[in-house]
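A.B. asks: This structure is in structure tokens; I'll ask about it shortly.
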Amino acid sequence: MQSTLQPSAVVTLDKTHVNSSPGQEINSPASFEVPLKTAQFSVLGAYRFFLALVVTCGHISTCITPGDWTSFGLWLNQASATFGFFVINGFAVATSLSHGDKGFVAWRWGRIYPVYIVNLIMALLVSRLIGGDYTWPQGQFAPAPTHIEILGTICMLVQIATTYVALDGQAWCICTDWWMGIIGSYLRRSEVRTIAVIIVTSLVMYKINSMRLGNGPHLWGDGQAIISVLWIWMSGFLYFRFERKLIGALILIVPPAVAATAGCFVGWPLLIAALMLIASSHVKSVPQPFQKIGFWLGDMAIPLYMCHTWIAAYFCKTLTTSSTAIVFASLLMSVILVHCVDYPWRRIVAAKRLSMSRSNK
């Protein structure tokens with residue numbers, strides 16, 4: 001049953017309109033994944049892939065080949081695309097938690113960490129192969145990783161205890177999203193007004209830090225990035241409770257509108273992500289072939305988001321600065337990471353869960 005806004009009520013994430021039959025599950029029967037196997041999330045998966053492509057092309061245009069076809073990523077803005085990830089992920093976590101939270105942290109760790117750690121290993125290997133310190137063709141400097149950065153990345157403490165490894169720059173976003181998911185799991189049964197206060201407080205901190213530290217949360221240390229962009233993630237998280245209602249649309253649209261009015265950076269991909277969430281809530285069905293493609297593209301999004309930096313550095317140093325070749329190689333590596341790391345890990349977890357289920361009978 002969908003929750004209604006009652007000032008004195010504790011509104012929880014126990015909504016049941018998202019469900020799925022076992023036959024719809026892909027690669028993993030984990031209970032937290034079942035609510036995500038819907039037509040809506042196939043649409044959102046395709047958009048997540050587009051956001052990852054925006055980030056990839058934006059970085060290539062900035063650091064390697066300004067003015068070529070990849071400049072569309074710079075025009076749309078890769079930072080705003082990252083914000084789009086946050087709002088969709090907030091909604092996805094709320095959806096996953098709709099059937100309970102027992103074992104949620106372990107499940108989400110399994111979905112993120114295998115690809116995350118393989119990507120770090122590859123970034124360190126490339127850094128070693130190209131000689132450590134590296135200067136991009138457009139002059140940006142990428143220092144060799146330090147032991148503290150490596151340890152902090154392994155422990156997912158980027159933006160809390162350390163900065164990121166230069167050739168694994170997107171670790172800041174993955175770590176930020178990870179910790180926001182932990183926060184979300186604790187707020188599953190919180191009142192709406194509690195989450196609203198968090199959104200407003202975070203938005204104020206975003207304004208303060210934008211003025212004090214400049215636009216670029218990836219450069220804000222000491223947990224400032226998590227605190228300052230939490231409003232974006234929490235907007236998607238809270239939207240789940242009021243999906244397909246006017247107040248739900250306002251929850252997604254008003255905070256970025258306020259931020260933009262206050263002179264803070266927002267960008268089109270975030271606004272489009274909010275509109276995609278609203279529109280996708282009304283998607284009842286998608287033809288099965290397109291639904292599978294949407295899920296697959298969604299699975300490709302995070303690997304593409306993470307791997308393109310070290311691939312670009314390796315290509316520029318040893319092979320070519322062709323943006324087309326770098327994008328193609330990044331897409332190919334994403335396929336490899338999905339099918340050789342992510343999916344096998346899901347199957348291992350699924351087999352273990354099945355074995356435990358049988359032994360308990």
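A.B. asks: Do you know which residues across the stretch 224-242 are crowded, with 24+ Cβ neighbours inside 10 Å and out of contact with any Pro (no Cβ under 7 Å at 6 or more places or on another chain)?
C.D. replies: LEU230, ILE232, TRP233, MET234, GLY236, PHE237, LEU238, TYR239, PHE240
A.B. asks: Which numbered condition in (1) surrounded by 16 or more Cβ atoms within 10 Å (Cβ to Cβ); (2) at pLDDT 90 or above; (3) over 19 Å from the mean Cα position of the chain (by Cα) is the only one that LEU250 fails?
C.D. replies: Exception for LEU250: condition (1).
A.B. asks: For the condition in a helix (DSSP H, G or I), more than 17 Å from the chain's Cα centre (by Cα) and closer than 29 Å to ILE232 by Cα, what is the one hit in LEU120, LEU151, LEU125? Outline the logic, then answer.
C.D. replies: On the way: LEU120 fails: more than 17 Å from the chain's Cα centre (by Cα); LEU125 fails: closer than 29 Å to ILE232 by Cα.
Of LEU120, LEU151, LEU125, the one residue that is in a helix (DSSP H, G or I), more than 17 Å from the chain's Cα centre (by Cα) and closer than 29 Å to ILE232 by Cα is LEU151.
A.B. asks: Anything in the stretch 58-76 that is outside any loop (DSSP other than H, G, I, E, B) and surrounded by 14 or more Cβ atoms within 10 Å (Cβ to Cβ)? List them, or say none.
C.D. replies: Applying the first criterion (outside any loop (DSSP other than H, G, I, E, B)) to the stretch 58-76 yields 58-63, 71-76.
Result: GLY58, HIS59, ILE60, SER61, THR62, CYS63, SER71, GLY73, LEU74, LEU76.
A.B. asks: Just to be sure I understand, how many residues within the stretch 300-331 are farther than 27 Å from VAL43 by Cα and assigned to a helix (DSSP H, G or I)? Explain how you work it out, then say what you get.
C.D. replies: Initial filter on the stretch 300-331 (farther than 27 Å from VAL43 by Cα): 310-323, 325.
Subsequent filtering for residues that are assigned to a helix (DSSP H, G or I) retains 310-318, 323, 325.
Number of matching residues: 11.
A.B. asks: Mind checking which residues of the stretch 273-295 are surrounded by fewer than 18 Cβ atoms within 10 Å (Cβ to Cβ) and either without any contact (Cβ under 8 Å) to a residue 40 or more places away in the chain or in a helix (DSSP H, G or I) (or both)?
C.D. replies: LEU275, ILE278, ALA279, HIS282, PRO287, GLN288, PRO289, PHE290, LYS292, ILE293
A.B. asks: Have a look at LEU44, LEU124 and point out the one that is over 30 Å from SER190 (Cβ atoms) and either crowded, with 18+ Cβ neighbours inside 10 Å or not basic (Lys, Arg) (or both). Spell out the reasoning first.
C.D. replies: Details: LEU44 fails: over 30 Å from SER190 (Cβ atoms).
Unique residue meeting the criteria: LEU124.
A.B. asks: Could you list, in sequence order, the residues of the stretch 189-237 that are more than 19 Å from ALA262 (Cα to Cα), in a helix (DSSP H, G or I) and of a type in the set (Gly, Ala, Ser)?
C.D. replies: GLY236
A.B. asks: Related question: Would you point out the residue of the stretch 157-174, among those that are in a loop (DSSP other than H, G, I, E, B) and in contact (Cβ under 8 Å) with a residue 24 or more places away in the chain, that is nearest to the chain's Cα centre (by Cα)? Show your work before the answer.
C.D. replies: Filtering the stretch 157-174 down to residues in a loop (DSSP other than H, G, I, E, B) leaves 157, 159-161, 163-165, 169-170.
This time we only want the ones that are in contact (Cβ under 8 Å) with a residue 24 or more places away in the chain, so: 159-160, 163-165, 169-170.
Details: GLN159: 15, ILE160: 18, THR163: 18, TYR164: 16, VAL165: 18, GLY169: 14, GLN170: 10 Å.
My answer is GLN170.
A.B. asks: What tally of residues in the stretch 253-262 results from selecting those that are surrounded by fewer than 20 Cβ atoms within 10 Å (Cβ to Cβ), among the small types (Gly, Ala, Ser) and either in contact with a Gly (Cβ under 6 Å, 6 or more places away or on another chain) or assigned to a helix (DSSP H, G or I) (or both)? Even if it seems obvious, please write down each step before you answer.
C.D. replies: First, the residues of the stretch 253-262 that are surrounded by fewer than 20 Cβ atoms within 10 Å (Cβ to Cβ): 253-254, 257-258, 260-262.
Pick out the ones that are also among the small types (Gly, Ala, Ser) and you get 257, 260, 262.
From the residues that got through so far, the ones that are either in contact with a Gly (Cβ under 6 Å, 6 or more places away or on another chain) or assigned to a helix (DSSP H, G or I) (or both) too are 257, 260.
Residues in the stretch 253-262 being surrounded by fewer than 20 Cβ atoms within 10 Å (Cβ to Cβ), among the small types (Gly, Ala, Ser) and either in contact with a Gly (Cβ under 6 Å, 6 or more places away or on another chain) or assigned to a helix (DSSP H, G or I) (or both): 2 in total.
The values are calculated or read from the model by the stated rules, or taken from the named source; none is laboratory data. For clarity, every value in this text was computed on a predicted model and none was experimentally measured. When we count neighbours, we look across all protein chains shown, and the Cβ atoms used for this are built from the backbone with ideal geometry, even at glycine.
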